[in-house]
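Reading through the structure tokens given below for one structure.
The values are calculated or read from the model by the stated rules, or taken from the named source; none is laboratory data. Just so it is clear, the model here is predicted, and its values are computed rather than measured. All Cβ positions, even for glycine, are placed from backbone atoms using ideal geometry, and neighbour counts span all protein chains on display.
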Amino acid sequence: MAGWRFFITEPGEFDLDKLDRQIRARILTKLKWLMDNFEGIIPLPLDHKFKGFFKLRVGDWRIIYEVKNKEKLITVHYIGRRDDIYK
């Protein structure tokens, strides 16, 4: 059975490209971990302007994503510092 995969939207790619190489590597490692372990976790849902999305924590950074269960697809929309991402 095929596993989960992820896709990064254009705004997400823009956010990722702005990051320091070490932080970018940590985020990509965490996304791989999420794909490999998604069946065993409970995603953390968001509300207000991000209703329908979930968050993944990487230190002070947050990955905002949505889940398409039928396609087994995790779509990353935004990546940013905790202080800024929810503004």
Check segment 32-50 and report whether any residue there is at positive phi and either free of Cβ contacts under 8 Å to residues at least 60 places away in the same chain or loosely packed, with under 10 Cβ neighbours inside 10 Å (or both). yes
Taking segment 67-87 as the region of interest, how many residues are of a type outside the set (A, V, I, L, M, F, W, C) and within 8 Å of the chain's Cα centre (by Cα)? 3
If Thr29 satisfies every condition in (1) of a type in the set (S, T, N, Q); (2) at pLDDT below 95; (3) under 12 Å from the mean Cα position of the chain (by Cα) but one, which is the exception? (2)
Considering every residue within segment 63-77, establish whether at least one is touching a His at 6+ places or on another chain (Cβ under 6 Å) and not in a helix (DSSP H, G or I). yes
Among the numbered criteria (1) surrounded by 12 or more Cβ atoms within 10 Å (Cβ to Cβ); (2) out of contact with any strand residue (DSSP E or B) (no Cβ under 9 Å at 6 or more places or on another chain); (3) of a type in the set (A, V, I, L, M), which one does Ile79 miss? (2)
